[in-house]
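Just so it is clear, none of the values below were taken in a lab; they were calculated from the coordinates. Just so you know, these numbers come straight off a predicted model, no measurement behind them. Cβ atoms come from the backbone with ideal geometry, glycine included; neighbour counts cover every protein chain shown.
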Amino acid sequence: MKWTLIRSLGLPLFSVCLLLMLGGCCTGGMVHRNVQLTLGKSLSNAQGSISSITVDLVGVNGSDYQRWYNYSMTKYFTAGNALRAGATKAVVHFVPGGPASVTFSKHNPIWKQWKSESDTHLFVLALLPGVRQDLPGPEDSRRLVLPFDRCRWPGSANPIKIAIKNSGLVCQTPPKPKH
């Protein structure tokens with residue numbers, strides 16, 4: 001009787017262990033990482049002074065994802081825009097004479113708010129100089145879409161590095177592909 005119970009549990013238990021080994025041991029959940037934003041040299045003038053740049057870090061949940069993905073960036077940064085005003089966001093301002101690199105802390109209280117709202121993605125939105133064409137998702141160089149899934153971000157101590165260039169936003173530490 002004892003051996004029958006062990007044998008009947010053995011195969012399912014072995015299968016679960018095998019799946020965990022093959023698929024990794026990550027159990028998901030929300031990433032909490034520092035986000036380092038750095039202005040590229042193309043946004044500095046001849047004297048080395050940086051341009052005024054605004055970057056919004058916005059948590060977005062699954063039900064709002066398509067709206068944010070397709071929303072006009074030109075419209076978003078228009079004064080009084082309702083979507084921007086109502087967003088759960090952190091705003092980073094780069095100003096002339098200020099630092100060219102800012103680290104948004106993983107300890108910022110907004111991470112808890114994003115988690116409580118079941119946000120699944122971080123939208124990094126930048127008001128960059130020049131006229132730009134509105135395009136969906138990351139095709140618009142002013143928008144970067146990053147998953148909050150911690151399984152996609154190896155090395156928990158490393159910051160997520162984002163370069164802000166005249167040509168657009170670039171994630172220098174891209175997430176691992178989805179399984």
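One table, with the values for the structure above:
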read-out	value
The range 29-171, dipole about Cα centre (Lys/Arg Cβ +1, Asp/Glu Cβ -1), debye to the nearest 20	260
Computed Kirkwood radius, in angstrom, where 1/r is averaged over Cα pairs of the range 26-179	16.0
Those lysines that a straight Cα-Cα span of less than 25 Å connects to LYS161, excepting residues fewer than 8 apart in one chain	LYS41, LYS89, LYS106, LYS112, LYS115, LYS176, LYS178
Spin-label proximity, THR173 to the range 79-106 - amide N less than 15 Å from point 7 Å beyond Cα toward beta carbon	102-106
Simple label model, 7 Å out from Cα along Cβ direction - GLN66 to LYS106, nm	3.4
